[in-house]
Amino acid sequence: MPWWNGERVREHSDRLKLALTPEDFETAAVSGRTAVLMKFQDASMLEGDIDNVDALHVLGMRSFQLTYNYRNLLGDGCLERTNAGLEKLLGLNWLRLFRETIA
């Protein structure tokens, strides 16, 4: 997965900077580069295992939308008729995720 291991960003390091911290956005702007934030539009990339958040964080993911149109591990999307998933969300260590993302 070239986007997740930073290969594409490294190939174009004269124009791109992987943003892992808030400071990376400022560094990119000052150097005339574009900051790249790795994110997903829903949580399907967790592949049924909430612990994959940690693995994806190591690979550079700093943001993901919990749901979009359809049901996934964390909840129902806007096109679903039910409202499921909150129990899984309560199991995440949100403070740690938040602290590491903004630190």
Point-to-point label distance, Arg81-Tyr68, nm (Cα→Cβ direction, 7 Å offset): 2.4 nm
Theoretical gain in end-to-end length, Glu7 to Val30 [0.36 nm per residue, Cα-Cα removed]: 6.0 nm
Considering Cα pairs under 8 angstrom that are at least six residues apart, work out the relative contact order of the stretch 27-74 and quote it in whole percent. 46 percent
Long-range amide H contacts for Leu18: which residues qualify at under 5 Å (H placed 1.01 Å from N, peptide plane, sequence gap of 5 or more or a different chain)? Val36
Hey, any idea what % of the stretch 10-78's accessible area is carbon plus sulfur with a 1.4 Å probe? 51 percent
Full-extension gain in nm, Glu47 to Glu23, via 0.36 nm per residue minus C-alpha separation: 5.6 nm
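The values are calculated or read from the model by the stated rules, or taken from the named source; none is laboratory data. Source: prediction; values computed, not measured. Cβ coordinates were reconstructed from backbone atoms using ideal geometry, including for glycine residues, and neighbour counts include every protein chain displayed. Surface areas here come from the heavy atoms of the whole protein model, side chains and all, with no ligands, DNA or RNA. Shrake-Rupley method; radii C 1.70, N 1.55, O 1.52, S 1.80 Å.
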